[in-house]
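Throughout, read-outs are computed from the coordinates displayed, never taken from laboratory work. Since the structure is predicted, the reported quantities are computational estimates derived from the model, not experimental observations. FYI the Cβ positions are ideal-geometry reconstructions off the backbone, even for glycines, and counts take in every protein chain you see.
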Amino acid sequence: MKFIGAATSSHQIEGNVSNDWTYFEEKGLVPKVGKACNSWMKMEEDIKLLKMIGANAYRFSIEWSRIEPDEGLFNIKALERYKRFVNKLLENGIEPFITLHHFTNPIWFLRMGGWVSSKSIRFFIRYVDFITKYLKEVRFWITINEPNVYAYNGYVIGVWPPAERSILKAIKVVRNMLKASSEAYGVVKSNINTSYVGMAHHVRVFRPMDELSKIPVALREYLFNFLPIYSDVHAILPPPAGFMENLKNKADFVGLNYYTKDNVRFSLKSIFGEEVVDESSWKNSLGWEVYPRGIYEVSLRFSFGKPVFITENGIATENHKERLRFIKEHFHWLKEAMKKGVNVLGYFYWSLMDNYEWKEGYKAKFGIFTRDRKLRGKLNLRKLWEG
Ligand code: FCB
């Protein structure tokens, strides 16, 4: 495995941001983020943590609202801050993997219609161009994180900003994000010719409870897992996001964020069926089923012959031994996928430290370190992988 490290995102760790999440925080929709891990002030300290766990790569994101606080007005000072950090990472032998969009948006972008509007693509591309003309030392770029999760939470069930409930809007959002990612690919490549560009896709294992439940499972599998990755690697938008519409560029790799398995039962109440909790299964502190073999299943199913990065995988627990067991078992199954020919180039544990877990706020503890940067217990990712 060439790259091994941890992942975070700007809104979840930086603190003192002003974006669409903080806007909806004031309306009481989501918990307050506050200072988070104060990484905007202490980014360089996070490098020490990465070194302590044997990481040679770090996936983090750039906060769009800091770079372009007002439409078309770019804040070069903020970008310089990220650039200093990137150079520090490189000096320390840590490869930066930058995510350009990880759920949060500037408030002006939301007012312009957010990702529902077709203008979103142009806005995003302008921001990506600005960033990648300046951060030429970064080789690995993740355009957009989890369009499926973003559209589902923000536009289907409406529990995340902008709290909408419209399947039609959700489809538009996914379509615009996939188009924007494909165009961003071209922009990053032309600004940095040594770059590798792709997306981070959230994938789940869906298990049918019986024969009839295979129907809702097939629907979930197609819309949630398959559609975004298919369009990313083939540059074609399949229905309902498009009608085999051609996109501009294909990704260089597939990024997979894998956490859990859902047991699904057919139900007359929803075409997507209902989730059934298996009481006897291993679960994280949020109740998500832990299913290590799933990393093998999704890697085989969704690599589409491309190199794979596990861009996120982790457990919410305060128990250090449980976290060790989680990583070991996922490593075991990832190695099995590699034996079957999947070209896995990197693994990122979510997360470096406890942070703001969206709707759940600070109660989910995914970190190897606590929020105040204390190590829960000895853990070296490289050794765990090699051992
Ligand atoms: C993923 C998100 C990430 C984090 C983990 C637990 O879906 O990309 O920001 O919240 O879940």
(request) For the stretch 116-165, go through all pairs of different Cα atoms, get the mean of 1/r, take its inverse, and jot down that Kirkwood value in Å. (result) 12.7 Å
(request) Specify whether the C-alpha gyration tensor of the stretch 144-193 places it in the rounded, prolate or oblate class, a ≥ b ≥ c being the square roots of the eigenvalues: rounded for a/c under 1.5, otherwise prolate if a/b is larger than b/c and oblate if not. (result) prolate
(request) Step through the table entries Lys335/Lys383; Lys2/Lys189; Lys42/Lys335, compare each Cα-Cα distance with 24 Å, and write down the pairs that go over it. (result) Lys42/Lys335
(message) Give the residue list of chymotrypsin sites (Phe, Trp or Tyr not before Pro) in the stretch 19-117 that are DSSP loop and have at most 10 other beta-carbon atoms within 10 angstrom.
(response) none
(request) Go through 303-313, 375-385 and give me the packing order, highest mean Cβ count within 10 Å leading. (result) 303-313, 375-385
(request) Of the listed pairs Lys77/Lys133; Lys48/Lys328; Lys83/Lys374; Lys83/Lys119, which have alpha-carbon separations greater than 21 Å here? (result) Lys48/Lys328; Lys83/Lys374; Lys83/Lys119
(request) Assuming a ≥ b ≥ c are the square roots of the Cα gyration tensor eigenvalues, decide whether the stretch 51-117 counts as rounded (a/c under 1.5), prolate (otherwise, with a/b larger than b/c) or oblate. (result) oblate
(request) Calculate the length of the line joining the C-alpha centroid of the stretch 187-227 to that of the stretch 280-322, in whole Å. (result) 14 Å
(request) For Val342, list long-range residues whose amide hydrogen, built 1.01 Å from N in the peptide plane, is under 5 Å from its own amide hydrogen. (result) none
(request) Amide H neighbours of Glu357 under 5 Å, at least 5 residues apart or on other chains, H built in the peptide plane: list them. (result) Tyr362, Lys363, Ala364
(message) I need the Debye-formula profile for the stretch 80-229: one equal scatterer per C-alpha, no solvent, reported as log10 I(q)/I(0) at q = 0.10, 0.14 1/Å, two decimals.
(response) -0.42, -0.75
(request) Per residue, how big is the convex hull around the C-alpha atoms of the stretch 196-266? Give it to me in cubic angstrom, could you? (result) 76 Å³
(message) Is the C-alpha gyration tensor of the stretch 147-275 telling us rounded, prolate or oblate? Criteria: a/c under 1.5 is rounded; beyond that, a/b larger than b/c is prolate, otherwise oblate.
(response) prolate
(request) Would you please give the residues with an amide H less than 5 Å from that of Asn263, counting only those at least 5 places away or on a separate chain, with H modeled from the backbone geometry? (result) Arg207, Val276
(request) Please report, in whole Å, how far the alpha carbons of the stretch 215-340 spread along each principal axis, starting with the longest. (result) 47, 40, 25
(message) I'd like the trypsin sites (Lys or Arg not before Pro) in the stretch 123-193 restricted to DSSP loop residues with at most 16 other Cβ atoms within 10 Å, sorted by number.
(response) Lys136, Arg139, Arg165
(request) Check cross-link reach from Lys179 to the aspartates and glutamates: straight Cα distance under 18 Å, and skip same-chain residues fewer than eight apart. (result) Asp129, Glu146, Asp232, Glu245, Asp252
(request) Run through the DSSP bridge list for the chain and note the antiparallel percent, rounded to the nearest 5. (result) 15 percent
(message) If packing is taken as the average count of other Cβ atoms within 10 Å, what order do 141-148, 328-335 fall into, highest mean first?
(response) 141-148, 328-335
(request) Send over the per residue convex hull volume for the stretch 275-373, Cα only, as a whole number of Å³. (result) 119 Å³
(request) Quick one: P(r) of the chain from all Cα-Cα pairs, 10 Å bins, percents rounded to integers, in order of increasing distance. (result) 5, 24, 36, 27, 7, 0
